[in-house]
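The values are calculated or read from the model by the stated rules, or taken from the named source; none is laboratory data. This structure is a prediction, so every number in the text was calculated from the model and none was measured. Note that each Cβ is placed from the backbone with ideal geometry, even for glycine, and that neighbours are counted across all protein chains shown. Each accessible area value is taken on the protein alone, full model and side chains, heavy atoms only, with ligands, DNA and RNA left out. Shrake-Rupley method; radii C 1.70, N 1.55, O 1.52, S 1.80 Å.
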Amino acid sequence: MSVIVNDRDVLLQAAAIRSDNPKQGKAILMSVSSSVFKVTAGVASPAAIAINVSLVGLIGSPAITVNGASRLIGSAGLTRTLAYADVTADTVEVTATLQADGQTYTAKQTIARVTDGAPGQQGAQGPQGAQGPQGVAGAGGINGAAGLSNAQVNAYKRSATIPADRPGDVVYTFSAGAITSPAGDALANGWSKTISAGSDPLYVCVASASSAAATDGIASAEWSSPVLLVQNGAPGQPGQPGQNGQNGQNGISVATVYIYQRTASDQPPARPTAQTVYTFNPPSLAGLNGGWSTAVPAAGGAYLYVSTSTAASNTATDAIEPGEWAVPQLLVKDGQPGQAGPAGVSMGTARAYQWSINGAPAIAGAATFTWTTGAYNNVPQGWSATKPPPPTRGATLYEAAVNLVNPNAAATSLIDWSTASISAIGYVGLDGQPGQPGQNGQNGQNGQNGAQGASAVIAYCLIDGYSLNPSPAFASVSGYSLPATGTWGESRAWQWSTPVPAAGQSVFQVNGIFNPVTGNTVWSAPYQSTAKFGSLSAQSTNTGDLTVTGTIRSANGNFQVDALGNLQLRSAEVGERFELKSNGLYGYDKNGQIRTFIGVRP
């Protein structure tokens with residue numbers, strides 16, 4: 001059997017899979033700390049909502065706009081804050097848009113404002129009726145049932161393959177707008193509450209929280225099947241350089257010009273009598289006369305005078321007239337030479353550092369201290385010339401110090417480390433014991449029924465293909481109702497439950513807010529929730545690096561590669577094969593005998 005391999009085959013096998021979808025593996029995501037402002041007696045809860053934008057496979061600064069509010073707090077980065085004081089409508093839409101590689105990426109979030117209704121007006125007093133017999137006292141009424149809170153809950157996981165597990169049991173708190181149990185970001189089986197960094201494909205599981213209580217427990221079985229949200233795509237081509245901007249107007253150059261002159265007397269010299277020209281860059285002065293100079297002269301008398309003028313112009317130079325120079329002022333007068341002082345005494349300290357958990361360590365040895373640098377040459381064994389980082393908790397940092405005196409201005413001095421004073425200057429404490437848990441507080445009294453709030457709802461539609469018209473951005477229907485069929489170009493009716501797509505189909509999802517005050521449901525534009533492809537060839541995928549723990553083989557078994565890297569090629573004739581191992585290439589005949597070997601014999 002022979003294997004045909006030529007240059008064309010090698011190039012084809014190494015070529016990356018091409019994708020004609022420029023948005024493959026790219027997305028812009030948006031999350032909010034709460035999707036509802038609840039207003040009671042004029043006070044909103046929460047007072048502000050945090051908005052976070054995440055970029056997947058994209059680089060840049062998205063434009064973040066708001067409709068239904070006067071502004072968003074914050075103007076840079078990927079985070080904004082919506083204050084209730086800035087809300088101007090019952091429904092606020094926040095949109096993040098990014099232009100990249102000729103494509104538009106958009107993420108939207110809808111935030112509702114719900115308000116307790118005002119009391120009705122008092123009716124007019126009717127005519128007084130005849131007094132009837134005294135009735136018996138009626139039984140006390142009971143409080144009505146609490147309204148339902150609803151929310152969509154997401155969990156995320158990065159994985160090279162579709163996960164077979166779920167995020168496990170969780171507890172969702174409506175006031176926090178997040179999963180509060182388990183604490184932290186991590187969920188069961190490697191899932192998380194937020195999108196984690198990484199290069200593997202990103203999957204999402206979705207569940208619905210609905211309860212009249214403050215929290216709702218979501219069982220592991222309630223999570224949807226994992227759906228691929230985004231995955232990394234190939235880097236785009238570099239953009240073209242932008243055009244040069246127009247030159248700006250010349251600014252005004254301003255400089256203070258100094259001139260100097262020495263004299264033998266304490267009488268100031270006359271100012272310059274000629275016009276001078278000052279050049280701003282590089283600074284220079286031309287035409288100076290009368291014995292003046294732009295540099296301090298070294299000779300000419302004990303009295304040094306200075307005069308100044310200000311040059312200001314929008315050109316490269318400025319003419320300075322004689323009258324623009326200030327009256328010369330005495331800057332300095334040469335002093336008499338002083339008496340020679342006595343030789344000074346230099347004093348310094350050589351220090352070394354060491355961490356220890358067994359008390360103060362010993363130090364010995366000698367070194368040479370250089371006075372000009374303040375450093376010594378030989379660091380004692382086990383010690384450091386600078387403070388090292390702590391090795392463990394419970395360790396103490398000790399400092400060994402030797403005071404040095406240099407009365408004769410010598411260049412160096414000898415350090416005798418055995419004379420050092422050793423003292424503790426730092427400590428890394430041990431972890432303390434956990435405190436005793438506090439006692440549970442008493443249960444509070446039941447509150448009054450609140451006004452019915454707005455409800456978040458989700459609808460689904462099965463379509464043939466993978467796209468829908470994104471316009472209109474919002475559609476309003478009367479009552480607690482589904483969107484009208486065909487609103488975004490769909491041919492099938494919307495439904496409350498999630499349909500199962502067949503090959504070549506996808507499921508689109510719309511989010512809505514039902515407002516009991518207006519009696520309307522406002523639906524936002526649809527987005528793809530799930531999709532099913534007949535085969536992976538329907539998608540162009542850049543898999544990146546693949547980690548294999550088993551064996552890759554063809555359907556007929558004639559080609560296989562195991563986890564150790566051993567490659568085997570079989571022919572239709574039983575027994576004939578090539579095996580490529582770490583030490584060489586083996587060729588076997590149909591009887592299993594080695595006929596060809598290239599490599600190092602084991």
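P(r) tail for region 430-499: Cα pairs beyond 20 Å make up 58% of the total.
Among the listed pairs 26/108; 108/157; 23/193, which have their C-alpha atoms separated by more than 18 angstrom in this model? Table pairs above 18 Å Cα-Cα are 108/157; 23/193. Ordered by solvent-accessible area of protein heavy atoms (1.4 Å probe), largest first, the residues 422, 179 come out as 422, 179.
With an 8 Å cut-off on Cα pairs and a minimum separation of 6 or more residues, tell me the relative contact order of the chain in percent. Kindly include the intermediate steps, with their values, before the conclusion.
Values: 1156 pairs, mean separation 51.5, N = 602.
In percent, rounded to a whole number, it is 9.
Hey, any idea what % of region 427-506's accessible area is carbon plus sulfur with a 1.4 Å probe? Don't skip to the end; give the middle numbers.
Numbers: 2570 of 5470 Å².
Carbon-and-sulfur percentage of accessible area, whole number: 47.
Among 305, 466, 84, what's the order by accessible area (1.4 angstrom probe), most exposed first?
Ranked from most to least accessible, the order is 466, 84, 305.
Residue by residue, region 46-55 carries 3J(HN,Hα) couplings of x, 6, 8, 10, 7, 10, 10, 10, 10, 10 Hz when phi is fed to the Karplus relation 6.51 cos²θ - 1.76 cosθ + 1.60 (θ = phi - 60°); x denotes Gly or Pro. Between amide H atoms placed 1.01 Å from N, distances below 5 Å from residue 26 occur with 231, all of them 5 or more places distant or on a separate chain. Mean residue ellipticity, 222 nm, helices only, the chain: the sum of -39500 (n - 2.57) across DSSP H runs of n ≥ 4, divided by residue count and rounded to 500, is -500 deg cm²/dmol.
Rolled with a 1.4 Å probe across the full set of protein chains, the surface gives residue 431 an accessible area near 110 Å².
Phi angles of region 393-409 translate, via the Karplus equation with coefficients 6.51, -1.76, 1.60 and θ = phi - 60°, into HN-Hα couplings of 6, x, 8, 10, 8, 9, 10, 9, 10, 10, 7, 10, 10, 10, x, 10, 6 Hz per residue; Gly and Pro are given as x. Ranking 387, 38, 26 from most to least accessible surface, computed with a 1.4 Å probe over the protein chains only, gives 387, 38, 26. Fraction of C-alpha pairs exceeding 17 angstrom in region 249-377: 71 percent, rounded to a whole number.
Rg(Cα) of region 366-493 divided by 2.2 N^0.38 Å?
On the way: Rg = 38.5 Å, N = 128, 2.2 N^0.38 = 13.9 Å.
Cα Rg divided by the expected 2.2 N^0.38 Å: 2.77.
Ordering 272-279, 576-583 by mean Cβ neighbour count within 10 Å, with the highest value first, yields 272-279, 576-583.
Rounded to the nearest whole Hz, the Karplus-based 3J(HN,Hα) values (6.51 cos²θ - 1.76 cosθ + 1.60, θ = phi - 60°) of region 103-111 follow the sequence 10, 10, 10, 9, 10, 9, 9, 10, 10, with x at glycine and proline.
Accessible area per residue was computed with a 1.4 Å probe on protein heavy atoms; residue 23 scores about 80 Å². Rounded to the nearest angstrom and listed largest first, the equivalent-ellipsoid semi-axes of the chain from its Cα gyration tensor are 68, 50, 38.
What number, in nm² with one decimal, is the all-direction average of the projected area of the convex hull of the alpha-carbon atoms of region 40-97? Before the final figure, lay out each step's value.
Details: hull surface 17.0 nm².
Quarter of the Cα hull surface area: 4.2 nm².
Per atom type, region 230-381 shows carbon and sulfur on 50% of its accessible surface, probed at 1.4 Å.
Order the peptides 318-329, 290-301 from the highest to the lowest mean number of other Cβ atoms within 10 Å of their residues. Please report the intermediate quantities before stating the final value.
Values: 318-329: 14.7, 290-301: 12.8.
For the peptides 318-329, 290-301, the packing ranking is 318-329, 290-301.
Candidates 112, 380, 177 compared by Cα position along the dipole of the chain: farthest toward the positive end lies 380, with charges placed on Cβ. Principal axis analysis of the Cα atoms in region 161-212 yields extents of 38, 20, 13 Å, listed in decreasing size.
May I ask which residue of 394, 487, 348 lies farthest towards the positive end of the charge dipole of the chain, with charges of +1 (Lys, Arg) and -1 (Asp, Glu) on Cβ and the Cα centre as origin? Value computed over the given set: 394.
If packing is taken as the average count of other Cβ atoms within 10 Å, what order do 198-211, 68-81 fall into, highest mean first?
Numbers: 198-211: 17.8, 68-81: 13.9.
Ranked from most to least packed, the peptides come out as 198-211, 68-81.
At 1.4 Å probe size, with every protein chain present, just tell me what the per residue accessible area of the chain comes to in Å². Write out the running numbers ahead of the final one.
Details: 37710 Å² over 602 residues.
Accessible area per residue: 63 Å².
Strictly greater than 13 Å: what percent of every Cα pair in region 563-602 meets that?
Values: 398 of 780 pairs.
So the pairs more than 13 Å apart make up 51 percent of the total in region 563-602.
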